[in-house]
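Okay, structure first, notes after.
Please treat every number below as a calculation from the coordinates, not as lab data. Everything quoted here is computed from the prediction, not taken from an experiment. Cβ placement follows ideal geometry from the backbone for every residue including glycine, while neighbour counts extend to all protein chains displayed.
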Amino acid sequence: MLGNGHAPFWNSGRWSDPPLDCNKLSDRSLLATFLYFRTITIMDFDEQAQTIFQRLRAQRIRIGTLDLRIAAIALSREATLVTRNRQDFAGIPALNIEDWSVPRDNVTGH
């Protein structure tokens, strides 16, 4: 928190006060969402992911390029991919997928 009681806000390459009225429900929700996303680690598309991506492309898996990159990142980190798009990602060998939008009893797959 900053000295004024607000959480810091990233703006133009520096931390500053959020441009929000924290008395409004919509602004509090936006701030809560922003603070939540600050806790998430962003995974790079590094050399290992690039190698896996090229291997997957060579297999001619029918999925969009960006989705294939996402899958390659998850595979390179041995991570579970959380997605509602099971249909496309299910065709990628060895990719662990979870869909949090459906009840656990209805989830099948890898």
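Taking 0.36 nm per residue of separation and subtracting the current Cα-Cα distance, fully stretching the chain between N96 and L30 would add 20.7 nm. Take 45-58, 69-82, 25-38 and order them by the average number of nearby Cβ atoms within 10 Å per residue, most first; the result is 69-82, 45-58, 25-38. Within the shell of other residues whose beta carbon sits under 12 angstrom from the beta carbon of A94, the net charge comes to 0, with Lys and Arg scored +1 and Asp and Glu -1.
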